[in-house]
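Here, each number is a calculation from the coordinates, and none is a lab measurement. What you are looking at is a predicted structure, and each value in this text was computed from that prediction instead of being measured. Cβ placement follows ideal geometry from the backbone for every residue including glycine, while neighbour counts extend to all protein chains displayed.
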């Protein structure tokens, strides 16, 4: 039986939500092992001078614990 944990992560990108998601995943891959799922909790954008400045995603990354 697998035991999993959840890490809450937020990341941003000026290019879009998909790019922000990739930033989060790349960072998680550096420190976590056995990544299994991503659950997007929210998507936001910051505005500067009337235009979207950055896209922000908040997510939970589920990973399996090692034995």
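Looking at this structure, is residue 19 over 9 Å from the mean Cα position of the chain (by Cα) and surrounded by fewer than 12 Cβ atoms within 10 Å (Cβ to Cβ)?
Judged against the criteria, residue 19 is not a match.
Looking at 52, 38, can you tell me which residue is in contact with a strand residue (DSSP E or B) (Cβ under 6 Å, 6 or more places away or on another chain), surrounded by fewer than 13 Cβ atoms within 10 Å (Cβ to Cβ) and free of Cβ contacts under 8 Å to residues at least 40 places away in the same chain? Quick ask: steps written out before the conclusion?
Numbers: 38 fails: surrounded by fewer than 13 Cβ atoms within 10 Å (Cβ to Cβ).
Matching residue, one of 52, 38: 52.
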